[in-house]
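Down below is the structure, laid out as structure tokens.
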Amino acid sequence: MLLFEHEEAFWKCAESLPEEKLGKVGQHEWAAMEKAKGYVLILGSASFTKAWKNFSKFHAAVSYNQEWYERAKRSNA
């Protein structure tokens with residue numbers, strides 16, 4: 001399974017949605033991770049300037065990171 005988030009779509013959401021709506025992972029993605037035999041993760045935004053300019057929104061948009069890494073580790077242990 002390949003999940004792709006387009007750069008423009010990421011920033012459109014990050015800049016327009018309230019912070020409490022950002023950084024959510026759907027149950028479908030958690031379920032897929034539990035069954036995956038492998039995954040590819042490409043980190044970060046291509047625009048560090050935007051990330052630093054809108055740091056609170058960027059941070060909120062990626063707030064799931066720690067839980068994602070913990071679940072990935074458990075699923076592939």
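Taken together, the values in this text are just the output of simple stated rules run on the coordinates, not laboratory data. Model, not experiment: these values are computed from the prediction. Cβ coordinates were reconstructed from backbone atoms using ideal geometry, including for glycine residues, and neighbour counts include every protein chain displayed.
Pairs of Lys residues in the chain are counted when their Cα atoms are under 21 angstrom apart and they lie 8 or more places apart or on different chains; the count is 14. Taking the convex hull of the alpha carbon positions in the chain and averaging its projected area over all directions gives 5.2 nm². Computed about its Cα centre, the charge dipole of the chain is approximately 160 debye, with only Lys, Arg, Asp and Glu carrying charge at their Cβ.
Ranking Ala32, Trp52, Leu17 by how far each Cα lies toward the positive end of the dipole of the chain (charges on Cβ) leaves Ala32 at the top. Only helical runs count toward this figure. For the chain, summing -39,500 (n - 2.57) over DSSP H runs of n ≥ 4 and dividing by all residues gives -15500 deg cm²/dmol at 222 nm.
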